[in-house]
Amino acid sequence: MPAPLITALEIGTTTIKVLMGEVREDAGLMVAGIGESESRGVHKGEIVDFELALEAVRSALETAEANARRSIGESVYLTASGGRAESLLHAGGIPVLNEYEEPGGEITREDVDHALEVARKIPLPDDRIRLHTLQQHFEVDGRGGIVNPEGMLAEELRVGMLLVHGRRSAVENLKKLMQSVPATCTDAAFGGFCSALAVLTLEPKRAGAAVIDLGGGTTDYVVYSGGLVKLAGSLAVGGDHITADICSGLNLNRRQAEALKKESGSAIINRLATEQNISIPAEGGFSGRVARATTLHTIINARMEETFRLIADQIEESGLTGALNAGIFLTGGGSALEGVTDLAQQVFNAPCTVGRAHDCVGISTKKEGARFAAPLGCIRYAAGRMQKKPEQLSVGRRWLRKIWGGSHG
């Protein structure tokens, strides 16, 4: 039976992206259709004009359908960027009982499942919504770092969970938009997590790596260590802020500033180019002029360095600074900016590269893999969710859960 076609949608601040694809049995990803449209009615990853955003989403979906020569169907997976996403590390546990219902016994599969269920039950404020609960290592009678505790003797079993959560209104407005398409939003996944699924293989996840998705209105990030996600978050700053800085600093209109950023911009200040000038043509009522390259690069450098340092501070606070042995992987449209990998390497003191989608056909992984990383990873995420089987619980365990609590994230 062929793998089901999955539709992934990313509603970004500057671009709406749609990918239709499938994950084959060999884990390779095949893209069947691509749709893209200029984003409207979206600011910092959140909807500010419903009708304009709806029109842009429909345009991208129709393009993808025409490209794939297939319908998207009724189900769409959404990549949720922005929304002030944050992560929270939480641990939950259960007592391990022997056959006489006394403390101390062999840890069974049901004990493991029960501990996971309890750990997932993390309370959140009403204005926040959970996007992912990502399992960490187990702890047996206070000893951590346990990968598989099944069969061990213990009195208590605990397990950590990393909760990734976002602003409820932002995510629910995106889902409401899908209902008006009309299409069903089957699930929403954090954009930074999706980007990591697209560009990281198991080796860098184990060695320690950070994926930073540089979008138009937001910057998402995810940090792996020991094969597990240890930190995730989102900043309400992106490429549009650099464009706005150029507008203000050089007295240009938006189109002039955007073109200047793409054609002559650099995140690194080249001190040898102090005398180099850039000609800016007249446009939209703004006269033509000449600007120094170092002035442009200084403006871009200041914003990009600030963004990277905010993420570096979060990594340091989490105690992960020395854990990035595989380095930094940049994705999103901002990863195409000249000098951005060099600047990231300076700030994080770690190797940096532009992320490339692995095991993927149907899209240019070298030219477009980083820009489409979030929807590509969203297809992998959706395929993984489809493969999960419903959990089978004994009557006894259902009764115990009523006592101890627990629900899936």
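Read-outs throughout are calculated quantities, based only on the coordinates presented, and are distinct from any laboratory measurement. Note that the structure is a prediction, hence the values are computed from the model and not measured. Heads up, the Cβs are rebuilt from the backbone with ideal geometry, glycines too, and the neighbour counts pull from every protein chain shown.
Using the Kirkwood formula over every pair of different C-alpha atoms, what hydrodynamic radius in Å results for the stretch 99-162?
Result for the stretch 99-162, one decimal place: 12.8 Å.
Only loop residues by DSSP count here, and only those with at most 12 other Cβ atoms within 10 Å; note down the trypsin sites (Lys or Arg not before Pro) in the stretch 7-110 that meet that.
Hits after loop and neighbour filter: ARG69.
Mind computing the radius of gyration and Dmax over the alpha-carbon atoms of the chain? Å is fine for both.
Rg, Dmax (Cα atoms, Å): 23.3, 86.
Can you find, among PRO281, LEU310, GLY265, the residue farthest towards the positive end of the dipole of the stretch 201-357? Put +1 on the C-beta of Lys and Arg, -1 on that of Asp and Glu.
Value: PRO281.
Restricting to lysine pairs 8 or more places apart or on different chains, what number in the chain have Cα atoms under 19 Å apart?
13
Work out from phi, with θ = phi - 60° and the Karplus expression 6.51 cos²θ - 1.76 cosθ + 1.60, the ³J(HN,Hα) of each residue of the stretch 312-322, listed in order in whole Hz, and give x for Gly and Pro.
After applying 6.51 cos²θ - 1.76 cosθ + 1.60, I find 4, 5, 5, 5, 5, 4, 8, x, 10, 4, x Hz.
Quick one: what are the phi-derived ³J(HN,Hα) couplings along the stretch 12-20, Karplus 6.51/-1.76/1.60 with θ = phi - 60°, whole Hz, x for glycine and proline?
Each residue's phi maps through the Karplus curve to give x, 6, 10, 9, 9, 10, 10, 10, 10 Hz.
Going by alpha carbons, how many degrees (0 to 90, nearest 10) lie between the helix axis of 50-68 and the longest principal axis of the chain?
Compared with the principal axis, the helix lies near 80 degrees.
Report the full-extension gain for the segment GLU316 to ALA207: residue separation times 0.36 nm, less the Cα-Cα distance, to one decimal in nm.
Contour length minus Cα-Cα distance gives 37.5 nm.
Which is the longest stretch in the chain that no exposed loop site breaks, taking sites as GluC sites (Glu not before Pro) with a DSSP loop state and at most 10 other Cβ atoms within 10 Å?
102-274
Measure off 7 Å from each Cα along the Cα-to-Cβ vector at ARG356 and ARG309, then give the distance between these two points in nanometres to one decimal.
Computed distance between label sites ARG356 and ARG309 equals 3.3 nm.
For each of TYR224, TYR77, TYR100, count neighbouring Cβ atoms within 10 Å of the residue's Cβ, then give the residues from fewest to most.
TYR100, TYR77, TYR224
Over the alpha-carbon set of the stretch 178-260, work out the extent along each principal axis and list the three values in angstrom, largest first.
48, 39, 18
With runs of 4+ DSSP H residues as the only contributors, calculate the mean residue ellipticity of the chain at 222 nm using -39,500 (n - 2.57) per run, divided by the residue total and rounded to the nearest 500.
Calculated mean residue ellipticity at 222 nm is -11000 deg cm²/dmol.
Can you compute the FRET efficiency between GLU156 and GLU86 using 1/(1 + (r/R0)^6), with r the Cβ-Cβ distance and R0 = 22 Å? Round to the nearest 0.05.
The pair GLU156/GLU86 has a calculated efficiency of 0.15.
Pop out the Kirkwood hydrodynamic radius of the stretch 201-357 from its pairwise C-alpha distances, inverse of mean 1/r, in Å to one decimal.
Kirkwood radius, the stretch 201-357: 16.3 Å.
What list of ³J(HN,Hα) couplings, whole Hz, do you get for the stretch 212-220 from phi and the Karplus terms 6.51, -1.76, 1.60, once you set θ to phi - 60° and write x for glycine and proline?
Going residue by residue, I get 10, 9, 8, x, x, x, 9, 10, 9 Hz, with x marking Gly and Pro.
Under a point spin-label approximation (7 Å from Cα along Cα-to-Cβ), what is the GLN346-GLU275 distance to one decimal in nm?
That separation, rounded to one decimal, is 2.3 nm.
Which one, LEU228, THR353, THR321, projects farthest toward the positive side of the charge dipole computed for the stretch 201-357 from Cβ point charges (K/R +1, D/E -1)?
THR353
In whole angstrom, note down how far apart the Cα centers of the stretch 218-245 and the stretch 251-282 are.
First find each Cα centre; the distance between them is then 25 Å.
So, in nm, how far is label GLU55 from label ASP26 when the simple model puts each one 7 Å beyond its Cα toward the Cβ?
Placing both labels 7 Å beyond Cα along the Cβ direction yields 4.5 nm.
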